[in-house]
1. Work out from phi, with θ = phi - 60° and the Karplus expression 6.51 cos²θ - 1.76 cosθ + 1.60, the ³J(HN,Hα) of each residue of region 32-41, listed in order in whole Hz, and give x for Gly and Pro.
2. Of the listed values [x] 7.6; [y] 5.7; [z] 5.0, grab the one calculated as mean projected area of the Cα convex hull in nm² from the structure here.
3. With charges set only on the Cβ (+1 for Lys and Arg, -1 for Asp and Glu), what does the dipole of the chain come to about its Cα centre, in debye to the nearest 20?
4. Each label point is 7 Å from the Cα along the Cα-to-Cβ direction; what then is the distance between the points at SER60 and HIS10, in nm?
5. Can you give the relative contact order of region 19-79 as a percent, counting alpha carbon pairs under 8 Å and 6+ residues apart?
6. In a shell of Cβ-Cβ distance under 14 Å around CYS48, excluding CYS48 itself, what net charge do Lys and Arg (+1) and Asp and Glu (-1) give?
Amino acid sequence: MGPTADVHWHARAACRGVDGRVFYPVGASGCPDRERSEAAAKRYCATCPVVEPCRRHALSLGAAEGVWGGLTGQERAGLHPSR
C-alpha cells in the first residue's frame with residue numbers, strides 16, 4: 001500500500017449503515033431470489049463513490065462470497081489473476 005492509499009474509503013461507502021445481509025444473498029447461483037438480491041446489492045454499488053477501492057479490497061482478500069465493489073464472488077473470480 002503506497003503512501004497515498006486511502007485506507008478509510010469504507011467510511012464513504014454507499015452501503016455504510018446498510019444491513020450486511022443485503023450483500024450476501026442466499027440461494028443457488030442462477031436462483032431468481034438470489035439474482036434479485038444481488039441486483040439490489042449492486043444498486044448500492046452503482047451509486048457508490050468508492051466502488052473501485054471496495055472492489056480492489058475484495059480482490060486482495062480473495063473474497064469468494066458476497067457483492068463487493070459491484071461484483072459477485074463469481075464475477076470477481078473471473079478477474080482475479082490467480083484464478
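Quick note: the coordinates plus some simple rules give every number you see, no bench work behind them. These numbers were taken from a predicted model, which means no experiment stands behind them. Cβ sites come from the backbone with ideal geometry, for glycine too, and all protein chains shown count toward neighbours.
1. Per residue, the Karplus-derived 3J(HN,Hα) values read x, 5, 5, 4, 5, 5, 5, 5, 4, 5 Hz.
2. [y]
3. Numbers: 11 positive and 8 negative charges, 16 e Å.
It works out to roughly 80 debye.
4. Here the modelled spin labels are 1.2 nm apart.
5. Numbers: 60 pairs, mean separation 18.4, N = 61.
Normalised by residue count, the contact order of region 19-79 is 30 percent.
6. Details: positive: ARG12, ARG16, LYS42, ARG43, ARG55, ARG56; negative: ASP6, GLU52.
Result for the local shell: +4.
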